[in-house]
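Structure first, then comments.
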Amino acid sequence: MQRSTLTLGGGLLAASLALLPVAQADTAEQLAETLTVSGQSMPVERVRETPLEGFFEVRLESGETFYSNAEGSHFLVGDLYENGESGLVNLTEQRRNAERSGRLAAVPESERVVFRGAEEPRATLVVFTDTTCPYCRQFHEEVPRLNEMGIEVHYLAFPRSGLGSPGGRELQQVWCADNRSEAMSAAKREETLPDAAADCDNPVEEQYHLGMELGVQGTPAIVLPDGRLVPGYVPAERLAAMLGLNE
């Protein structure tokens with residue numbers, strides 16, 4: 001009789017554990033629907049489980065992320081770290097990087113300005129750029145060296161002073177040019193581009209908003225293949241080292 005009781009208890013425990021993911025998913029969905037602040041519904045994009053029992057990662061439509069308990073009565077703002085055997089691991093940043101990488105992978109090459117070398121690429125950098133940015137011009141001087149090392153550079157548009165700025169207009173001219181890479185290089189040499197060339201259907205506005213959603217605050221903003229965001233100018237040799245490439 002005792003053996004049967006243990007078996008039954010084990011079965012109940014297994015069933016309870018099997019229901020946990022479902023319960024967690026239900027709680028996350030409910031939190032997304034009911035989360036309010038000062039009586040106002042929060043513009044929640046999604047809610048995810050975390051390794052921290054009883055707390056969920058909440059991402060708003062604005063891109064802001066924080067953590068909430070299941071009832072939405074307490075929030076934690078900041079990054080979540082795992083204290084593992086190899087040291088601290090920023091789980092929040094890992095999630096951001098994965099999302100950033102996925103979002104950028106969805107941008108077709110036809111909407112990028114691509115600089116590649118003659119050989120098969122060893123790595124690809126996605127760079128949010130502004131033709132009027134001095135550090136972007138400095139970075140562009142490194143592109144031939146990056147290409148020599150087997151690193152492709154894919155530019156996306158990010159007019160740092162806004163879409164209506166001279167930089168925004170010039171980026172539209174680049175994307176509307178017959179040869180985008182030549183136009184990009186000319187713009188970064190401060191050469192005047194044909195103004196009429198900006199009159200086409202172009203992705204500058206969409207890429208600008210994408211950059212803001214992914215955490216871009218200035219240019220150049222370099223995104224490594226794993227989704228890590230590196231702000232500012234970085235020399236070619238240092239980028240190669242960050243990518244783990246040895247000549």
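Descriptive notes on the structure:
- A187 meets the conditions (1) under 27 Å from E99 (Cβ atoms); (2) without any contact (Cβ under 8 Å) to a residue 60 or more places away in the chain in every case but one. The failed one is (1).
- Qualifying residues in the stretch 32-71 (those that are in a loop (DSSP other than H, G, I, E, B) and touching a Phe, Trp or Tyr at 6+ places or on another chain (Cβ under 9 Å)) - the one nearest to G215 (Cα to Cα): T50
- Selection from the stretch 37-70 of residues that are within 18 Å of the chain's Cα centre (by Cα) and charged (D, E, K, R): E45, R46, R48, E57, R59, E61, E64
- The combined condition, being touching an Asp or Glu at 6+ places or on another chain (Cβ under 8 Å), over 20 Å from A157 (Cα atoms) and in contact (Cβ under 8 Å) with a residue 40 or more places away in the chain, is not fulfilled by L80.
- Among the criteria (1) touching a residue at least 12 places away in the same chain (Cβ under 8 Å); (2) in a helix (DSSP H, G or I); (3) within 21 Å of the chain's Cα centre (by Cα), the one N147 does not fulfil is (3).
- Residue match in the stretch 128-135 (condition: open to solvent by 10 Å² or more (accessible area, probe 1.4 Å) and not in a loop (DSSP other than H, G, I, E, B)): yes
- Count of residues meeting criterion [farther than 16 Å from D226 by Cα and either touching a helix residue (DSSP H, G or I) at 6+ places or on another chain (Cβ under 8 Å) or modelled with pLDDT under 95 (or both)] in the stretch 97-120: 9
The values are calculated or read from the model by the stated rules, or taken from the named source; none is laboratory data. Because the structure is predicted, anything quoted here is derived from the model rather than measured. All Cβ positions, glycine included, derive from the backbone under ideal geometry; neighbour counts span all protein chains shown. Accessible surface is based on the protein model in full, side chains and every heavy atom, while ligands, DNA and RNA are left aside. Shrake-Rupley method; radii C 1.70, N 1.55, O 1.52, S 1.80 Å.
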